[in-house]
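The values are calculated or read from the model by the stated rules, or taken from the named source; none is laboratory data. This is a predicted model, so every value here is computed, not measured. All Cβ positions, even for glycine, are placed from backbone atoms using ideal geometry, and neighbour counts span all protein chains on display. Areas reflect the complete protein model, heavy atoms only, side chains present, ligands, DNA and RNA absent. Shrake-Rupley method; radii C 1.70, N 1.55, O 1.52, S 1.80 Å.
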Amino acid sequence: MDFPTTCPQCAHVNRAEFADSSVHDLRCARCGARYCVLVRKQKFEVLFDLGTRALMDGYAREAVASFAAALERFFEFYVRAFALEQAAGREGSFEDALSALDGTWRHVSSQSERQLGMFALAYLLREGREPDFLTPRGLGTDFRNRVIHRGALPTRAEVDAYAAGVFTLIDRLLTELGTGAAHAELVQEQTFAAHIRDLPPGVTVVFEEHPGMFRARRFGTLSPIPKPDKAQLQASQSGSGVNDARAFQQALFERALAERGSLLRGFKSST
């Protein structure tokens, strides 16, 4: 998947492929100028937006894979944010804390279940309560496995519901993290700073924040949607109301999509 970026010298629009590091060293196809695009976006955000883009293009099965990967990478982001937030209150440098975190994560980097366990403990220690949303139903595990591992072909409605559930969970946890998320985001800023130091003279550096679903929620114009209370949930379950948890998730996802959907279409366009 690629994205459009404008040459700072001649304003020609070039296409660049998303990189794991969010660092993109480019040369303009028109004027030949070298420039570096640094995308302020976490891996889980990129993956979720790619899933949204695939969904809008009609690739439902591919969208599920991206949404599932986005949730896994968000759990890693949460663990990193929590660990660095805790380290900030102790003696020692940020670099030492990050090195210890990276070394610890290597023990679970190839095992999703262990990563989920680390997230569950991080959530308990930070919030002081059980992560009761970590159930097959809450995570959409059965649906994910049917699509990814058993080759099921999902309907658009099924993928919409799964995407809404993933979006709402990440949005909730980001809200609970609050300023704690900045500790993990600082890692990306340090990566950018190190890359800038090594760039040769004459290379223009461009910082970009591409349209994203979670950026819309955190920094955009989206107003909060009140979550239904217990009375509303009970009414919906009895058939006399509509404000159930699934409707809340769908409304939240659809509002974020309306905020950024038209811009996300530019990700893969040929012009």
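Annotations for the structure displayed:
- The accessible area of Glu17, taken with all protein chains in place and a 1.4 Å probe, comes to roughly 140 Å².
- Estimated D of segment 58-99 in µm² per second, where Rh is the Kirkwood radius over Cα pairs and Stokes-Einstein applies at 4 °C, 1.567 mPa s: 106
- Of all accessible heavy-atom area on segment 83-143, the percent that carbon and sulfur account for (1.4 Å): 49
- Relative contact order of segment 16-150, pairs being alpha-carbon contacts under 8 Å that are 6 or more residues apart, as %: 17
- Residues in segment 98-104 carry Karplus couplings, in order, of 5, 5, 5, 5, 4, x, 5 Hz; the curve used is 6.51 cos²θ - 1.76 cosθ + 1.60 with θ = phi - 60°, and Gly or Pro positions show x.
- For segment 1-84: relative contact order, % (alpha-carbon pairs under 8 angstrom, 6 or more apart): 19
- Rounded to the nearest 0.05, the FRET efficiency derived from the C-beta distance between Ala182 and Cys31 at R0 = 22 Å is 0.05.
- Relative protection proxy for 25-34, 61-70, 89-98, from highest mean packing down: 61-70, 25-34, 89-98 (other beta-carbon atoms within 10 angstrom).
- Förster radius 25 Å - calculated FRET efficiency between Val108 and Leu134 (Cβ-Cβ, nearest 0.05): 0.95
- Placing pseudo-labels 7 Å out from each Cα toward the beta carbon at Asp142 and Thr6 gives an inter-label distance of 5.0 nm.
- C-alpha center-to-center spacing [segment 25-68, segment 164-204] in angstrom: 15
- With a simple spin-label model that places each label point 7 Å from the Cα along the Cα-to-Cβ direction, the separation between Asp57 and Arg172 comes to 3.1 nm.
- Exposure of Tyr59 as accessible area (Å², to 10), given a probe of 1.4 Å and all protein chains: 120
- Rounded accessible area of His12 (nearest 10 Å², 1.4 Å probe): 50
- Accessible solvent surface per residue of segment 1-111, calculated while the other protein chains remain in place, 1.4 angstrom probe, Å²: 46
- Across Met1, Met118, the residue with the most accessible area heads the list, and the full order at a 1.4 Å probe is Met1, Met118.
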